[in-house]
Amino acid sequence: MGRPGLALIESELPKLRSKFQIDFCLVQSENVSEGRGITPEDFTRLRHAGVDFCTGGNWSLWQKSIMPLLSDPDIPIIRPANYPGTTPGLGYKYTITPFGKVLVISLLGQTVGRDSQLKLDNPLKTVDRILEAEKGVAKAATIVNFHGDFSSEKVVIGQYLDGKVSAVIGDHWHVPTADARVLIRGTAHITDVGMVGTLNSSLGVKTDLIIARWRDDVVVSNELEQAKPWQLNAFWFQVDPRHGNAVSARSINLVYN
Ligand SMILES: [Fe+2]
């Protein structure tokens with residue numbers, strides 16, 4: 001979320017990759033550039049910091065300069081796959097790892113923030129179509145990022161895809177849930193992974209502004225909090241690349257002063 005999130009990834013991810021023996025690192029990138037989408041420059045900074053793949057959400061299409069990257073199958077950044085058919089960009093891509101191909105899919109929940117009026121394709125039917133179309137491709141892992149508001153959707157899609165994909169990772173709340181686990185058929189799941197950004201804020205935005213708007217109907221624009229402490233929330237899971245099932249999962253929630 002914004003500059004604190006990007007700065008924290010740049011300073012801490014190389015250490016975390018080594019400490020937790022991370023082979024493959026995904027980030028949700030829809031709020032990187034001042035909270036609104038991601039620019040190609042910030043995408044490059046994340047890649048240099050050790051990020052392997054960027055998923056998307058309801059702000060993915062905000063920065064027009066990112067569109068060519070979203071449309072290129074060889075560049076590891078996607079937007080939600082269940083946007084209407086004419087939407088630019090790709091909603092799933094493969095990336096090559098030392099263990100084999102990894103398929104990453106982004107999905108948007110049915111009612112999410114600024115896209116709540118948008119007619120989206122059903123996320124369950126969309127992911128079914130993708131998995132059916134790609135079933136002939138040998139994969140080390142398949143990872144689904146579900147960007148949604150309803151905890152019910154975020155829980156249920158994990159169970160719907162249990163045993164069909166390696167991991168289903170919920171996000172968009174910017175607040176982590178305490179339910180990281182491997183589901184009964186071998187899919188790693190968390191309802192919401194949280195965020196990387198400021199700790200004392202309203203999801204990354206200055207709290208005073210949100211209270212003035214909420215309590216006194218003051219018309220204000222969002223302004224991102226920059227002050228420390230900062231927080232880094234993550235979901236860590238292990239996949240056996242022989243069959244693509246997850247074997248362990250846990251949250252990582254760190255605070256930096
Ligand atoms: Fe979002």
Between a first residue in the range 96-123 that is on the phi > 0 side of the Ramachandran plot and a second residue that is loosely packed, with under 15 Cβ neighbours inside 10 Å, which pairs have beta carbons less than 9 Å apart while being 6 or more apart in sequence or on different chains?
Gly100/Ala138
Looking only at the range 50-80, which residues are within 14 Å of the ligand (Cβ to nearest atom) and out of contact with any strand residue (DSSP E or B) (no Cβ under 9 Å at 6 or more places or on another chain)?
Trp59, Leu61, Trp62
Output for the range 211-237, where each listed residue is free of Cβ contacts under 8 Å to residues at least 12 places away in the same chain, not in a loop (DSSP other than H, G, I, E, B) and not basic (Lys, Arg)
Ile211, Ala212, Trp214, Asp216
Pairs only if they're at least six apart or on different chains, beta carbon under 9 angstrom, first in the range 164-175 and surrounded by fewer than 24 Cβ atoms within 10 Å (Cβ to Cβ) and at pLDDT below 95, second not in a strand (DSSP E or B) and not hydroxyl-bearing (Ser, Thr, Tyr); list them, first residue then second.
none
Which one of the conditions (1) within 16 Å of the ligand (Cβ to nearest atom); (2) closer than 19 Å to Phe24 by Cβ; (3) surrounded by fewer than 15 Cβ atoms within 10 Å (Cβ to Cβ); (4) not charged (D, E, K, R) does Ser116 fail to meet, given that it meets all the rest?
(2)
Give me a count of the residues in the range 24-60 that are of a type in the set (D, E, K, R) and closer than 22 Å to Ile105 by Cβ.
3
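Do you know which residues across the range 60-112 are of a type in the set (Phe, Trp, Tyr), more than 25 Å from Ser152 (Cα to Cα) and within 19 Å of the chain's Cα centre (by Cα)? So that I can check it myself, show each step before the final result.
Narrowing the range 60-112 to residues of a type in the set (Phe, Trp, Tyr): 62, 83, 92, 94, 99.
Subset that is more than 25 Å from Ser152 (Cα to Cα): 62, 94, 99.
Answer for the range 60-112, where residues must be of a type in the set (Phe, Trp, Tyr), more than 25 Å from Ser152 (Cα to Cα) and within 19 Å of the chain's Cα centre (by Cα): Trp62, Tyr94.
Suppose we keep only residues that are within 16 Å of the ligand (Cβ to nearest atom) and not in a loop (DSSP other than H, G, I, E, B) within the range 92-113. Which one would you say is nearest to Ile75 (Cα to Cα)?
Filtering the range 92-113 for residues within 16 Å of the ligand (Cβ to nearest atom) gives 106-113.
Restricting the remaining residues to those that are not in a loop (DSSP other than H, G, I, E, B) gives 106-108, 113.
On the way: Ser106: 15, Leu107: 18, Leu108: 20, Gly113: 27 Å.
Per the criteria, the residue is Ser106.
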Which one is farthest from the ligand (Cβ to nearest atom) among residues in the range 161-178 that are within 11 Å of the chain's Cα centre (by Cα) and not in a loop (DSSP other than H, G, I, E, B)?
Val168
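The values are calculated or read from the model by the stated rules, or taken from the named source; none is laboratory data. Keep in mind it's a predicted model, so treat the numbers as computed, not measured. Ideal geometry is used to build each Cβ from the backbone, glycine not excepted, and the neighbour counts take in all protein chains shown.
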